[in-house]
Amino acid sequence: MSQLTLFDNGTHKNILLEDFDAGEGVQSNQHVIVDHRSAMILDPGGNKLYTRVFTAAAKAHRGAKLEYVFCSHQDPDIVAALNGWLMTTNATGLISELWRRFIPHFGSDKLVFSRVEGIPDAGMMLQLGESELMVIPAHFLHSCGNHHILDPVSKILYTGDLGASVGTDYRVVDDFDAHVEKMEGFHKRYMSSTAALRAWVAMVRPLDIETIAPQHGALFQGKEMVGRFLDWLDGLECGIDALPDLFQLPS
Ligand code: FE
């Protein structure tokens, strides 16, 4: 169980909590952003991880108050423990407005549910301490209500499931071509369509991004690697475009 500091300028830091064993669950990364005395956690994970992530996150943002628990979308490896986070902190939960009303099915207490806010489809600006983060739309990649976070201070783009890799034993991608096979199967089946990917790439391409940090697997660091990742996604056949024969009755 360890923490990796991705960025730290003294008043703003970005920490990756890594190597949590989810048992039979898929490996996941938890990210903490701290600005001055305010903190947030991104995609905090499921119940199996809750106690360990909570303890590690508290250590990572010691001295700052947890203001937000951000959920990129509704999957159980992201939101299953949201009730615990809201019960034990005064943080506000943030999730696409499409998914907000589904959260109580994970067992959210009536009292804490009032602190879950819906993120509009268009995304929004989010004040954290003295910095302003951008919550950007990433719908259909893979969830129909999906958002990413751009942190303009560290220049990290947090992409949830987009860019996720499985079966990696390295933290940062250094051989992109070799890394593709760790992402390909997941992206082809989970991402919804080539058009959605193209639109997303066109939206983020002009942004100043130094790191892309997915919720599973390895990070992309440096402008060149970020560019290679965007090039790979741009036009990737996936979802309905890669599976034209999906709707046939089983025999
Ligand atoms: Fe997901």
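May I ask you to list pairs of residues, at least six apart or on different chains, whose Cβ atoms are under 7 Å apart, with the first in region 212-225 being among the β-branched types (Val, Ile, Thr) and the second being part of a loop (DSSP other than H, G, I, E, B)?
Partner pairs satisfying both residue conditions: Ile212/Gly163.
For Leu86, indicate whether it is of a type in the set (A, V, I, L, M) and at pLDDT 95 or above.
no
Here are some conditions: (1) buried (at least 21 other Cβ atoms within 10 Å of the Cβ); (2) in contact (Cβ under 8 Å) with a residue 40 or more places away in the chain; (3) closer than 22 Å to Ser108 by Cα; (4) within 16 Å of the ligand (Cβ to nearest atom). Gly25 meets all but one. Which one does it not meet?
The failed condition is (1).
Can you tell me which of (1) surrounded by fewer than 17 Cβ atoms within 10 Å (Cβ to Cβ); (2) under 29 Å from Gly25 (Cβ atoms) is the one Phe247 doesn't meet?
Here Phe247 meets the rest and fails (2).
Assess whether Val153 counts as being of a type outside the set (D, E, K, R), more than 16 Å from the ligand (Cβ to nearest atom) and over 19 Å from the mean Cα position of the chain (by Cα).
The answer is no for Val153.
Is there any pair with a first residue in region 61-74 that is within 16 Å of the ligand (Cβ to nearest atom) and a second that is among the acidic types (Asp, Glu) whose Cβ atoms are under 8 Å apart and which are 6 or more apart or on different chains, and what are they?
Going by the 8 Å Cβ cut-off, the qualifying pairs are Phe70/Asp43; Cys71/Asp43; Ser72/Asp43; Ser72/Asp161; His73/Asp161.
Can you tell me which residues in region 125-148 are in a strand (DSSP E or B) and touching a Gly at 6+ places or on another chain (Cβ under 9 Å)?
Answer for region 125-148, where residues must be in a strand (DSSP E or B) and touching a Gly at 6+ places or on another chain (Cβ under 9 Å): Met134, Val135, Ile136, Pro137, His147, His148.
The values are calculated or read from the model by the stated rules, or taken from the named source; none is laboratory data. This one's a predicted model, so the numbers in the text were calculated from it and none came from an experiment. Because the Cβ atoms are built from the backbone with ideal geometry, glycine has one as well, and the counts that use them run over all protein chains shown.
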